[in-house]
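The values are calculated or read from the model by the stated rules, or taken from the named source; none is laboratory data. This one's a predicted model, so the numbers in the text were calculated from it and none came from an experiment. Every residue, glycine among them, receives a Cβ derived from its backbone with ideal geometry; neighbour counts consider all protein chains shown.
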Amino acid sequence: MSEALRCRVPAVSTVQVDDETSRVTRWDFPPGAETGWHRHGWAYLVVPVTDGTMTLEEPGGATREATIRAGVSYARPPGVEHNVVNGGTEPFSFVEIEFKAHPG
């Protein structure tokens, strides 16, 4: 494993809302920062605040690059497991909105 991979800093997460229906978190990634491995328990929507290049580490050792563009949102279902890394040279940020399951 390269030295850069062992010395990653954590991305900064700031919870803005956490109530019975949703959790809204702003994520700020300096170059090389990561979320750490996690699995999403709820469906979620990502709203990029800035442009950026993410490296997505996936189960089984797969990685892929994804470019995000400010204001261009995307959604994912629950169960997604990954580690998000800032694979670019510039910082980037996004807001993640998780939709909590609730009895209907």
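Candidates in the range 67-104 are the residues that are of a type in the set (G, A, S) and farther than 20 Å from Q16 by Cα; of these, the one that is surrounded by the most Cβ atoms within 10 Å (Cβ to Cβ) is G87. With respect to the conditions (1) among the charged types (D, E, K, R); (2) loosely packed, with under 13 Cβ neighbours inside 10 Å; (3) part of a loop (DSSP other than H, G, I, E, B), R64 lacks only one, and its number is (3). With the structure loaded, tell me whether V72 is in a strand (DSSP E or B) and not hydroxyl-bearing (S, T, Y) or whether it fails that test. Criteria not met by V72.
Condition check for E34 on (1) under 13 Å from S93 (Cβ atoms); (2) among the charged types (D, E, K, R); (3) without any contact (Cβ under 8 Å) to a residue 60 or more places away in the chain: one failure, at (1). Here the condition is being at pLDDT below 95 and out of contact with any Ser or Thr (no Cβ under 6 Å at 6 or more places or on another chain); of V80, V9, it holds for V80 alone. Residues that are modelled with pLDDT under 95, more than 12 Å from the chain's Cα centre (by Cα) and over 18 Å from K100 (Cβ atoms) do not occur anywhere in the range 33-52. Residues in the range 42-95 that are without any contact (Cβ under 8 Å) to a residue 24 or more places away in the chain, out of contact with any Pro (no Cβ under 8 Å at 6 or more places or on another chain) and under 21 Å from G32 (Cβ atoms): 7 in all.
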